[in-house]
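What follows is a short report on a single structure.
Every number in this text was worked out from the coordinates using simple rules, so none of it is lab data. If you're wondering where the values come from, they're calculated on a predicted model, not measured in any experiment. Methodologically, a virtual Cβ is constructed for each residue, glycine included, from the backbone with ideal geometry; neighbour enumeration extends over all protein chains shown.
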Amino acid sequence: MIWSDAQMYCRQHYTDLATIDDHMDLSELLRSVHQDYKGNVWIGLHRKGAKAPWIWSDQSKSTFMPWAPMQPNNYGSNQYCVIVADGAVNDLDCQNKFPSVCYTDRADTEGEGTHRRCKTVVENPIRWKCLPKEPEV
């Protein structure tokens with residue numbers, strides 16, 4: 001689906017399109033996606049225009065952006081939405097159709113004072129993934 005449809009779907013059925021707050025979030029997202037799907041997926045990073053700042057769909061500011069080399073490039077002057085591709089993010093035209101990754105909050109059940117977000121890859125059929133915490137090394 002196109003980015004705006006993906007956003008609407010995620011907000012209706014989950015919390016929102018996925019955000020990536022740090023390296024741990026990126027790793028969890030990649031593990032979720034690559035268990036079921038090998039292609040590009042929409043995430044919640046977007047902007048309103050070429051000079052506008054990048055923000056997340058949930059309106060949080062974007063501070064962690066693992067851009068692919070030479071990205072963002074705003075090719076064609078209309079790349080205002082973001083996919084995850086090959087472990088990095090890339091700006092694309094929002095009218096492209098891709099599966100998306102939604103999230104829902106997961107409570108801090110381990111008493112760490114933090115909570116992580118469960119990721120869901122939305123495609124046909126819809127699959128749910130809430131990965132367990134990885135053991136500390």
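Above 14 Å lies some portion of the pair distances; for the range 48-104, what is it as a whole percent of all C-alpha pairs? Before the final figure, lay out the partial values.
On the way: 919 of 1596 pairs.
Cα-Cα pairs of the range 48-104 separated by over 14 Å account for 58 percent.
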Please compute the modelled spin-label separation between residue 68 and residue 48, points set 7 Å along Cα→Cβ, answer in nm with one decimal.
2.8 nm
Let me check against my output: what whole-number percent is the relative contact order of the range 14-74, with C-alpha pairs under 8 Å and at least 6 apart?
35 percent
Using only alpha carbon pairs under 8 Å that are at least six residues apart, calculate the relative contact order of the range 3-122 and give it in whole percent.
30 percent
Rg and Dmax in Å for the range 1-48, alpha carbons only: what are they?
11.2, 32
P(r) of the range 3-122 over all Cα-Cα pairs, 10 Å bins starting at 0, rounded to whole percent, reads 14, 49, 31, 6, 1
